[in-house]
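K.L.:
Can you keep this structure in mind? I'll have questions shortly.
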């Protein structure tokens, strides 16, 4: 598994008090791990800090609410990790 | 300060957009119903109200920097430390710095001091949301009351 996933899983485990072994790339942050919107903001802050990026949570939420994208697109961890990697790559480019 | 009305900020001293820092001043009233219970015969400002004071200074910082487009709501208090007692008549200097502006949230570090001595500090997190109906006018009025820069109001 990628180092990005390991970092994100560690952040989720520590921030939301979820045993690390329960967190897999296929986990849905909300449906499987039970992370609420408040806790997700704490996780977003830790991710922003760890990777030096700004997760576009408002844009994602709007897209999900408007039916333009399924929630899985952003909240299944392997997809979230891919988006983090893309944001990091865009920042370094 | 009017503790029982949660008017914790008397005056904005400065708001620096470059350093994303606000400084405000507040004077603890000589008398307040709060002191009747906290504590009888030994009036002290409760730590929760000092936290509220840091949150309000931070909130006005976020409002000012964002041009009153959204409302910050306190959602988290981390690393809060209360280092000394605060009694009636104390003149407080409250500072807050925007540490991180995320998408839909903001993080500040805030401190209160009196005569240069640290009283308390904390890291505060805010959820940034659209104003509930009618609330933006209320916040603008409060901002004018405390002298937040006219350009942001």
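K.L.:
Along Cα→Cβ, 7 Å out, is where each label goes; now give me the distance between the ones at residue A:3 and residue B:114 in nm to one decimal.
P.N.:
4.9 nm
K.L.:
Just need the relative contact order of segment A:2-90 here, percent rounded to a whole number, with Cα pairs under 8 Å and 6+ apart.
P.N.:
35 percent
K.L.:
Right, next: For all pairs of alpha-carbon atoms in segment A:2-90, what percent lies in each bin of width 10 Å, listed from the first bin to the last filled one?
P.N.:
Histogramming segment A:2-90 at 10 Å steps yields 17, 57, 25, 1 percent.
K.L.:
Let me ask something else. Just grab the label-to-label distance for residue B:66 and residue A:58, each label 7 Å out from Cα along the Cβ direction, in nm (one decimal).
P.N.:
My value for the distance between the label points is 0.7 nm.
K.L.:
Next question. What is the extension gain from residue B:77 to residue B:131, computed as 0.36 nm multiplied by their sequence separation minus the C-alpha to C-alpha distance, in nm to one decimal?
P.N.:
Stretched out fully, the residue B:77 to residue B:131 stretch lengthens by 17.3 nm.
K.L.:
Now for a different question. Multiply the residue separation of residue B:2 and residue B:84 by 0.36 nm, subtract the distance between their alpha-carbon atoms, and state the gained length in nm to one decimal.
P.N.:
Extra length from residue B:2 to residue B:84 when fully extended: 27.4 nm.
K.L.:
Right, here's the next one. Rounding to the nearest 10 and keeping the result within 0 to 90°, find how far the Cα-based axis of helix B:47-66 lies from the longest principal axis of chain B.
P.N.:
20 degrees
K.L.:
Another question, then. Where in segment A:37-74 does the amide nitrogen come within less than 11 Å of the point 7 Å from the Cα of residue A:26, taken along Cα to Cβ?
P.N.:
Within reach of a label on residue A:26: no residues.
Read-outs: derived from the displayed coordinates by stated rules, not from any lab. None of the values given here were measured: they were computed from a predicted structure. Ideal geometry is used to build each Cβ from the backbone, glycine not excepted, and the neighbour counts take in all protein chains shown.
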